[in-house]
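Enquirer: Mind looking over this structure? Questions follow.
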Amino acid sequence: MLGLEGTMVPPGLILTLASTIVCVIYGMRNWNKGYITKEELDREAQWDKEQAEVDQHERDRHHHLWS
């Protein structure tokens, strides 16, 4: 078969090609799925809010030092 010797080479080749096809299909179906939970999203939003407050505080402090 295809000039391949040995009894396990053809099944190995077939399984390799089959697993490649399965992986490509799986990747295409799950490409843009998000895995972030609502809790993680809320925690990130809270962190962004706190970071904005810290950044504003730093800008105000810097402005007062140079005024």
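The values are calculated or read from the model by the stated rules, or taken from the named source; none is laboratory data. All figures in this text were calculated on a predicted structure; none of them were measured in a lab. Virtual Cβ from ideal backbone geometry, glycine too; neighbours counted across all protein chains shown.
Enquirer: If you go through region 33-45 one residue at a time, do you hit one that is aromatic (F, W, Y) and assigned to a helix (DSSP H, G or I)?
Expert: no
Enquirer: When you scan region 55-67, do you find a residue that is surrounded by 10 or more Cβ atoms within 10 Å (Cβ to Cβ), more than 20 Å from the chain's Cα centre (by Cα) and small (G, A, S), even just one?
Expert: Looking for residues that are surrounded by 10 or more Cβ atoms within 10 Å (Cβ to Cβ), more than 20 Å from the chain's Cα centre (by Cα) and small (G, A, S), one finds none in region 55-67, hence no.
Enquirer: If E5 meets every condition in (1) surrounded by 10 or more Cβ atoms within 10 Å (Cβ to Cβ); (2) of a type in the set (D, E); (3) not in a helix (DSSP H, G or I) apart from one, which number is that one?
Expert: Here E5 meets the rest and fails (1).
Enquirer: Taking region 23-44 as the region of interest, how many residues are among the hydrophobic types (A, V, I, L, M, F, W, C) and surrounded by 10 or more Cβ atoms within 10 Å (Cβ to Cβ)?
Expert: The number of residues fulfilling the criteria is 4.
Enquirer: Of the residues in region 30-56, how many are of a type outside the set (A, V, I, L, M, F, W, C) and at pLDDT 90 or above?
Expert: Number of matching residues: 13.
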